[in-house]
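Worksheet: one structure, shown below.
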6 protein chains.
Amino acid sequence: MSTSSRTGITLGIVNVNTSATMTQTIVDAATAVAAPDTTIVGVTPTVGPESVETHVEAALSQVGVITAVHRRHTAPITLDTPAIDAWIIAGYGDEGREALQELVDVPVVDITEAAAIAAMAVGDRYAVVTTLDRTVPMIRGRLELAGVHDRCVSVRGTGLGVLELEEDAERTDELILDLAGEALAAGAEVVCLGCGGMAGRARELSVELGAPVVDGVTAAVGIAESLVRQGLTTSRVGTYAARSPKRLSGFEELEIPETELP
Amino acid sequence: MSTSSRTGITLGIVNVNTSATMTQTIVDAATAVAAPDTTIVGVTPTVGPESVETHVEAALSQVGVITAVHRRHTAPITLDTPAIDAWIIAGYGDEGREALQELVDVPVVDITEAAAIAAMAVGDRYAVVTTLDRTVPMIRGRLELAGVHDRCVSVRGTGLGVLELEEDAERTDELILDLAGEALAAGAEVVCLGCGGMAGRARELSVELGAPVVDGVTAAVGIAESLVRQGLTTSRVGTYAARSPKRLSGFEELEIPETELP
Amino acid sequence: MSTSSRTGITLGIVNVNTSATMTQTIVDAATAVAAPDTTIVGVTPTVGPESVETHVEAALSQVGVITAVHRRHTAPITLDTPAIDAWIIAGYGDEGREALQELVDVPVVDITEAAAIAAMAVGDRYAVVTTLDRTVPMIRGRLELAGVHDRCVSVRGTGLGVLELEEDAERTDELILDLAGEALAAGAEVVCLGCGGMAGRARELSVELGAPVVDGVTAAVGIAESLVRQGLTTSRVGTYAARSPKRLSGFEELEIPETELP
Amino acid sequence: MSTSSRTGITLGIVNVNTSATMTQTIVDAATAVAAPDTTIVGVTPTVGPESVETHVEAALSQVGVITAVHRRHTAPITLDTPAIDAWIIAGYGDEGREALQELVDVPVVDITEAAAIAAMAVGDRYAVVTTLDRTVPMIRGRLELAGVHDRCVSVRGTGLGVLELEEDAERTDELILDLAGEALAAGAEVVCLGCGGMAGRARELSVELGAPVVDGVTAAVGIAESLVRQGLTTSRVGTYAARSPKRLSGFEELEIPETELP
Amino acid sequence: MSTSSRTGITLGIVNVNTSATMTQTIVDAATAVAAPDTTIVGVTPTVGPESVETHVEAALSQVGVITAVHRRHTAPITLDTPAIDAWIIAGYGDEGREALQELVDVPVVDITEAAAIAAMAVGDRYAVVTTLDRTVPMIRGRLELAGVHDRCVSVRGTGLGVLELEEDAERTDELILDLAGEALAAGAEVVCLGCGGMAGRARELSVELGAPVVDGVTAAVGIAESLVRQGLTTSRVGTYAARSPKRLSGFEELEIPETELP
Amino acid sequence: MSTSSRTGITLGIVNVNTSATMTQTIVDAATAVAAPDTTIVGVTPTVGPESVETHVEAALSQVGVITAVHRRHTAPITLDTPAIDAWIIAGYGDEGREALQELVDVPVVDITEAAAIAAMAVGDRYAVVTTLDRTVPMIRGRLELAGVHDRCVSVRGTGLGVLELEEDAERTDELILDLAGEALAAGAEVVCLGCGGMAGRARELSVELGAPVVDGVTAAVGIAESLVRQGLTTSRVGTYAARSPKRLSGFEELEIPETELP
């Protein structure tokens, strides 16, 4: 776990893969845009894939995310482990937001949606530049289900895997800028970086592109802070109504004790 | 595992919960509509929830389904464990089809989509009657992502949990028929039963309703048989391209050995 | 009429043009993928165009199809003319399914929709490769009305007329493969053959393309069989309610006698 | 044939059923709103149904319409049979516009689309009140394919057949006003009369409803006149490119002679 | 103000910019396609931008349009200033139609929508060729809100400002024809001229393009005439209900006196 | 103008009507949820309507908003008039965001979109409860153009005018809660307050409703802060490219001097 030193609002950011290095990159990017009274807490799953690029990996990742968040959320509150006021899930195009909304009683923000929201605030239509082509339909699907797809011109893959992004940062930036340029030519006015692992590159790429580049992690911080300050949390009247006790073979740690229900 | 005695095409049906009784109900319903040369093989996950009604449960279920199918699919072929020619995933509104399409080299059919397809073949617009209201957005989301939502008039919940369906079968039928009647009045011409656990009730309910009632399990059998006979299987050019080796902490059994790649 | 020798389920396939040769091609393709207990019966209209490529021809064809199916459906059942358990209408992008659903009391399957369904089962998004460009909007329109258009990337014309397809089979395949390749490059993962006259080429083209190629005729067979085995037939509660007697000048053979109504 | 006495622009209106009385009603309604220099020519098909309420009837009607328009369009121009400058097809929700666009070299206007256009010009959202419930999906389908469905709140059926509309005009008006009132309460601001046989009732019903009521026949007249005055006619670059010669068994009169092609 | 000499229906056309020359171009184009008994009255705003190409200019223009139409509409009726039977607002992609519908008690027609309607009447799908790229989203937005966007293939900018159109007419035509040709290649069958200032060029460009070219001003005339002859005017049951008195600081001339309400 | 005493980020909120009292209500609501280092500056237009409920008023309001923001934005920076880091436009369903995005070089946030974004973060589908029914299509239109309409179940009017909201606060709350309850019953899980004048009531209404109630003003604050901290501002590559000099009769103060262009 990685914690910045400020107090006030505490945001938990859960990485979707098991790489602690990537968690640190994400925490750093988030800290850079947080309000002065916001603390960022990074959480890395202990089970799941080292990176998420397929549906099988997304499924395994989701269990890792659920377990890690559950463990942190039910841990005793101490000075070192303050209560989390809102969670950010740092997987671009991944499942998981809905399950966390059931699991915790504070707001949950998804970086895919946060990036789209920031993009739509600063331009007419946006594009997403991501890692492998195979993740394109997953991202498009998430944007559609989230109801923020109408102004998305395209989702394009660089062909680089998540773990390859860091290998040759210069080449990665070149590939991103090439696709971003194509997207602008096709009518986009803003570009979203479609991978949690791209966090922190947005400002520099914006300058080179000559158009806003949005990173979902930094976009999510302000939305999470805002929900906390508004006192809003997940509605319990429909989809996210309280769960009933249920036998969960192999995942007993996640079971709700009978006694917990009102 | 439950096996019927016929030969020719062998279909695997994976239940999404850990109830062997429900697997048997599903296998019986499937067997009743299979071609004479089709064998139905039922598979029950050993980990996961006893029923799937929330996003947390859907996530855990998905891992159970993936693991169970992987184990069966990589087991040695014997007389008692024949090769599976196509898989049916028997969770209405659940995730999982996409991951299985990556995992196995034979066709995979989802009962949510199969029911919609059968419904659209026998009427103009259709409705879905399901279990708890909270599952309605999950089902709607699956129909949208599957691209078969345009002719769906509504998805309605009976308020009964999956495990309550069997408790008072008469009352269950009454509740289903009430909602189905309302759906017809609102413009639906066909009704889908929105839960794998409702398998086997469709014909009787059709007679009482005076309009076609479709069950996804039975609808999926013919589609799976048809894909096998056409020699079609999942495209490997995009979303479902071959997975690369990857460290899967806690799920090492699902890792692809380096040597397996061409 | 062309009849295969098997028993069990009997499927009628009505060609939309007056070419008996094309009917035979279609029956052969269907027979190759039918269940062992399925018999395929081909029907060729006696009035209508020799091929369907325009709206005028589609309208005339429809009358030919309706008349031919009505005649076959009301003919006395004998050993040589067994009762038809379901009809397949073999015109890609053509009108006609809805009228047949009113006309007969067994399921009716359209090859345009069947191809889309099979395509969506084996990949994320699909494209259609068809004959003349002018038929593109007709096909797109049918896919939209059928509610299976959301995952269609594009419909492209080879520029070849229906009757030219057979003239130089090698060139036809080349043209189809060129367009199919462009479609894959633009995001499709599966390709549908957009003409009944292309029946039988799917498997070979799949191998050459390196991605699934779907033929609507073979896709329709399993769906039709499946509807029969599920005991489903067209809903009579709305669009396809029983027709009332009506004077049909020039088409008296299709009139419903007053005495036939309950 | 029915001809008004004016000169200038000549509009042909083809009824979709074989009732000459209904043709006269339509011609009268059209004449009442035509420009001073417009002549209205009514055409009644000699083959087809006495009214169009089913898909079978729509198919037969279409052939009657095509044949009648072709005959009139290829007839020698005389003082009594002046050249037609544009055609209106007077079937609400019926097929046929596209085929006529291929057949004739002057503009063709469909009353379903014309009514929607007029309705959208005088209010935010509109509803359609039609005859039998079974025609609702046909009408909705036409509005969707025509690209004018987005602002349609609902299509509702009175339960009256086309031929019943005239039987008790007072009761017909009551039923229409009841449904129209429901539509306003549900957010419509304008109501379209969804049947060519309702032509001529719009003004009176508007007064009683307190909101605009649109009749497709009268709406189509001005659009047809406008297209003529703008010198616009059907584009020949795609869907409606010139037809090639083709054998049309049973419809030889509609065949294009080889010599006609350039 | 510019008035043609005919009587019968009187249409007001309000230019959206302050250029009297452009008003005259518009009036001439309208007059050329008006019915023999229609008089065209051109109105030029006295406040607002000299051309409309940005959202700021569109906002200022709208106030100019509202004020000019209000002044003309409340002026005493004389021989020289006859009552206006319907208004046309001649800004392509601009706001304003809705406000005028509140302001006057006669029909109001927008040239953006009118062009789309004419285009859809003479081909399957259409494109728009306009001035600066920055206006593309404004035009697309108007087509979407108007509910006539489904059949629009693309909106493309020539890069020419409104006031540059006239500078080198030959070059303007070339640029329009280039983009129009690209649009046809991409599936459009008709092209709309996306600027009021392009009025009058449609016929000539049609000939050169070999496909219909539509100008919104001329398209609007027939629709406006048609609404007048049908006796239709804006519905007052919802969006366009009568306005109540309200203090309008700085725009007192537009205030409704208390006494005017019933 | 109303200013809170904090430093750090300075947000300008422009009211859309001329009521300074309402501006104060809005500033108070914004201040309550702002980060500790955020200063809120309220701006009231000097021209325009006292409340915005019609399209005419929206048009006049827009000019008032543009002028007021332009004046504040070009005023000399002093201790009392600090530079504004981002603008919020406080009109629910109103035009204006796009024009301000052209006008100023800092981010602009619209409360209609902000409310939708917050609502989608805490529930599956949302509804809007607003003032007069006539504003419903304006709000729906804004949500559609903003690309955040897909998850909106309904927009409902209380029948109360903007200026009536304060007259009997208890009755207003009752009316809002009634409609909000209906919306939940119809599938909404969150409710947005559809008027800037309702700012400040959200928390209390949430408690009474038992589901989240979102107010657009408070929702906009965090989004604006977040854009500032991310260093994002409006893209200048398309829609919002720099404006060129243009004669603006009657609005000379808004003209861009030639010398300002690079």
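The values are calculated or read from the model by the stated rules, or taken from the named source; none is laboratory data. All values derive from a computational prediction rather than experimental measurement. Positions of Cβ are backbone-derived with ideal geometry, glycine not excepted, and every protein chain shown enters the neighbour counts.
Worth pointing out:
- Note on the range F:29-53: residues that are farther than 10 Å from F:THR18 by Cα and of a type in the set (S, T, N, Q) amount to 3.
- Residue check, A:VAL237 among the β-branched types (Val, Ile, Thr) and assigned by TED's automatic domain parsing to the domain that holds A:LEU179: no
- For the range C:103-125, the set of residues classified as in contact with a Cys (Cβ under 6 Å, 6 or more places away or on another chain) and either within 23 Å of D:GLY238 (Cβ to Cβ) or not assigned by TED's automatic domain parsing to the domain that holds C:LEU160 (or both) consists of C:ALA115 only.
- Among the residues listed as B:GLY42, B:GLY93, the single one being more than 13 Å from chain A (Cβ to nearest Cβ) and crowded, with 24+ Cβ neighbours inside 10 Å: B:GLY42
- Residue within the range B:242-249 that is touching a Lys or Arg at 6+ places or on another chain (Cβ under 8 Å), surrounded by fewer than 21 Cβ atoms within 10 Å (Cβ to Cβ) and not hydroxyl-bearing (Ser, Thr, Tyr) present: yes
- One residue alone among F:VAL69, F:VAL63, F:VAL129 is buried (at least 21 other Cβ atoms within 10 Å of the Cβ) and outside any helix (DSSP H, G or I), and that residue is F:VAL129.
- Scanning the range C:183-203 for residues that are within 30 Å of C:ASP105 (Cβ to Cβ) and acidic (Asp, Glu) turns up nothing.
- Of all residues in the range E:212-231 being surrounded by fewer than 24 Cβ atoms within 10 Å (Cβ to Cβ) and in contact (Cβ under 8 Å) with a residue 60 or more places away in the chain, the one that is nearest to the chain's Cα centre (by Cα): E:VAL228
- Residue check for F:GLU57: within 16 Å of F:CYS195 (Cα to Cα), acidic (Asp, Glu), in a helix (DSSP H, G or I) and within 14 Å of chain E (Cβ to nearest Cβ): yes
- Hey, F:GLY96 in contact (Cβ under 8 Å) with a residue 60 or more places away in the chain, out of contact with any Leu (no Cβ under 6 Å at 6 or more places or on another chain) and on the phi > 0 side of the Ramachandran plot or not: yes
- Some residue of the range D:107-119 being assigned to a loop (DSSP other than H, G, I, E, B) and surrounded by fewer than 24 Cβ atoms within 10 Å (Cβ to Cβ): no
- Pairs meeting the criteria (first residue in the range F:164-192 and at positive phi, second residue of a type in the set (A, V, I, L, M) and surrounded by 13 or more Cβ atoms within 10 Å (Cβ to Cβ), beta carbons under 7 Å, at least 6 apart or on different chains) are F:GLY187/F:VAL153.
- Of all residues in the range A:141-197 being under 16 Å from the mean Cα position of the chain (by Cα) and within 14 Å of chain F (Cβ to nearest Cβ), the one that is nearest to F:ARG236 (Cα to Cα): A:CYS192
- All positions within the range C:243-262 that are acidic (Asp, Glu) and at pLDDT below 85: C:GLU258, C:GLU260
- Selection from the range D:14-27 of residues that are touching a strand residue (DSSP E or B) at 6+ places or on another chain (Cβ under 9 Å) and either in a helix (DSSP H, G or I) or within 11 Å of chain E (Cβ to nearest Cβ) (or both): D:ALA20, D:THR23, D:GLN24, D:ILE26, D:VAL27
- Residue within the range F:163-182 that is closer than 27 Å to E:ARG140 by Cα and in a loop (DSSP other than H, G, I, E, B) present: no
- Pick from the range F:73-90, criterion hydrophobic (A, V, I, L, M, F, W, C) and outside any loop (DSSP other than H, G, I, E, B), ranking: surrounded by the most Cβ atoms within 10 Å (Cβ to Cβ): F:ILE88
- Among the residues of the range B:199-241, those that are among the charged types (D, E, K, R), closer than 13 Å to C:SER226 by Cβ and at the interface with another protein chain (Cβ under 7 Å from one of its Cβ atoms) comprise B:GLU225, B:ARG229.
- Residue ID - nearest to the other protein chains (Cβ to nearest Cβ), chosen from residues in the range C:72-81 that are over 27 Å from B:ALA211 (Cα atoms) and not β-branched (Val, Ile, Thr): C:ALA75
- Note on the range F:142-162: residues that are surrounded by fewer than 21 Cβ atoms within 10 Å (Cβ to Cβ) and part of a helix (DSSP H, G or I) amount to 1.
- Flag if C:ILE13 is in contact with a Leu (Cβ under 6 Å, 6 or more places away or on another chain) and either crowded, with 17+ Cβ neighbours inside 10 Å or farther than 28 Å from C:LEU248 by Cβ (or both): no
- Taking (1) touching a residue at least 24 places away in the same chain (Cβ under 8 Å); (2) in contact with a Gly (Cβ under 9 Å, 6 or more places away or on another chain); (3) not aromatic (Phe, Trp, Tyr) in turn, E:GLN24 satisfies each apart from (1).
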